[in-house]
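The values are calculated or read from the model by the stated rules, or taken from the named source; none is laboratory data. This structure is a prediction, so every number in the text was calculated from the model and none was measured. Counting neighbours? That spans all protein chains shown, and the Cβs are built from the backbone with ideal geometry, glycine included. Accessible surface areas use protein heavy atoms only, side chains included; no ligands, DNA or RNA. Shrake-Rupley method; radii C 1.70, N 1.55, O 1.52, S 1.80 Å.
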Amino acid sequence: MDPVVLQFLAAPFAASLILTGIHAYLGVHVVERGVIFVDLSLAQIAALGATIALLMPFAGGDPHSPGVYWVSLAFTFIGAAVFASIHRQNDARVPQEAIIGICYAVASAAAIVAMSKSTSQSEHLQDMLVGNILAVSWPEVLRTGLLYAAIGTFHYVFRRRFLLISIDPDQAAAEGISVRLWDFLFYASFGFVVTSSVSIAGVLLVFCYLIVPSVAAMLYADRIGTRLAIGWSMGTLVSLAGIWFSLQGDLPTGATIVVTFGVALLLMAAVRPLFGRRGAPAATV
C-alpha cells in the first residue's frame, strides 16, 4: 500500500483503537446491566446537544468547536442523571429500558426538528449517524486518548464497586455502597466518553463499538477478563478490516465499519458451536 495512504489512515486507525479500548470495557457493564440501548440513547442525546449548539452564534458552524462540545456534554450529563435515577429494580412498574428507549426517540425527533433550521441538514444528519472518522486529526486522537485514559484509570481504581453494581446491585446495597451515587458516576463518566466518541465516529459506530464486541465475547467466555480480551481483539481486527474495505471500495468509512461489525458477529455466532459448551458462569468482580 502507498506510504502516503498509510500515513493518512494512521490517525483514523489510532482513533478506532482508542474507541475499542474504552467502549469494549464499558460494553461489559452495559450488557451485564441489561441496558443495551443506553449507549445509543446517550449518544443521540449528545448529538442533540451538538445539533442545538451548532445553531448558536458561538459555534460558528464548526461541529468541533469547544462550545459545541460543552453543550453536548451538558446534555449528556442530563441524560446520565435521568438514567441513574431509574436504576433497575425487580419491582419497578416501568422498565429502565423503556425510559432509555423513550429518551432515544425524543432526542432523535428533537435533533431532526433542530436540523430543520439548518442549511446543511443532510450533511449534518450523516455526520451525526456515522461520523467521519477519516477526518480525525492527531491532536484530536491525543486529546481523546488522554481523556479516555483518565476515565479508564478512574474505573480501574473503583473497578470492584462498578462491577458489583453492574453484576449484583443488591449485594452492593447490602455492603453499604450508594447504588444511585455510583450509578450516576458510571453514567457521567460514560457521558464523557460518548460525547467525545460521537464527535469522531457518529452514533451508530459508537453503538457498535460498545455492544458488538461485548456480545461476541459473551458467546465464548463468562469471565470478565476473557470477555475484555476477546472484545478488544475483535474491535481491533474489525476496525482494520472496515477501514481497508472502505478504502478499497471507496465507501463511507463509518458505515463500512458498522457493516463489518455485523458480519463479524454473524461469523462468530456461526462458528460458536464448533467450540463445544462453555463452563459454568464465573463472572468475577
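For this structure, a couple of remarks:
- Residues (among the β-branched types (Val, Ile, Thr) and either open to solvent by 20 Å² or more (accessible area, probe 1.4 Å) or under 14 Å from VAL238 (Cα atoms) (or both)) located in the range 181-215: VAL206, ILE211, VAL212, VAL215
- Scanning the range 104-135 for residues that are in a helix (DSSP H, G or I), among the hydroxyl-bearing types (Ser, Thr, Tyr) and at pLDDT below 75 gives a single hit, SER122.
- Restricting the first member to the range 178-200 and to residues that are more than 15 Å from ILE45 (Cβ to Cβ), and the second to residues that are assigned to a helix (DSSP H, G or I) and open to solvent by 10 Å² or more (accessible area, probe 1.4 Å), the beta-carbon pairs closer than 6 Å and six or more apart or on different chains are VAL179/PRO169; VAL179/ALA173; TRP182/ARG161; SER189/ILE151.
- For THR51, the conditions (1) surrounded by fewer than 24 Cβ atoms within 10 Å (Cβ to Cβ); (2) at pLDDT below 85; (3) out of contact with any Leu (no Cβ under 8 Å at 6 or more places or on another chain); (4) farther than 14 Å from ALA201 by Cα all hold with the exception of (1).
- The lone exception for TRP70 - which of (1) surrounded by 24 or more Cβ atoms within 10 Å (Cβ to Cβ); (2) over 16 Å from PRO213 (Cβ atoms); (3) at pLDDT 85 or above it fails: (1)
- Subset of the range 248-262 (residues that are assigned to a helix (DSSP H, G or I) and loosely packed, with under 14 Cβ neighbours inside 10 Å): GLN248, GLY249, GLY262
- Scanning the range 220-247 for residues that are modelled with pLDDT under 90, assigned to a helix (DSSP H, G or I) and within 18 Å of LEU26 (Cα to Cα) yields ILE224, GLY225.
- In this structure, HIS29 does not qualify as in contact with an Asp or Glu (Cβ under 9 Å, 6 or more places away or on another chain) and part of a helix (DSSP H, G or I).
- Matching residues, the range 145-178, being of a type in the set (Ser, Thr, Tyr) and modelled with pLDDT of 90 or more: TYR148, THR153, TYR156
- Residues of the range 32-48 satisfying the condition of being farther than 16 Å from ILE200 by Cα, of a type outside the set (Val, Ile, Thr) and in a helix (DSSP H, G or I): GLU32, ARG33, SER41
- All of (1) within 17 Å of GLY34 (Cβ to Cβ); (2) at pLDDT below 90 hold for VAL198 with one exception: (1).
- Evaluated against (1) open to solvent by less than 60 Å² (accessible area, probe 1.4 Å); (2) within 18 Å of TYR148 (Cα to Cα); (3) at pLDDT 85 or above; (4) not small (Gly, Ala, Ser), ASP39 falls short on exactly one condition, (3).
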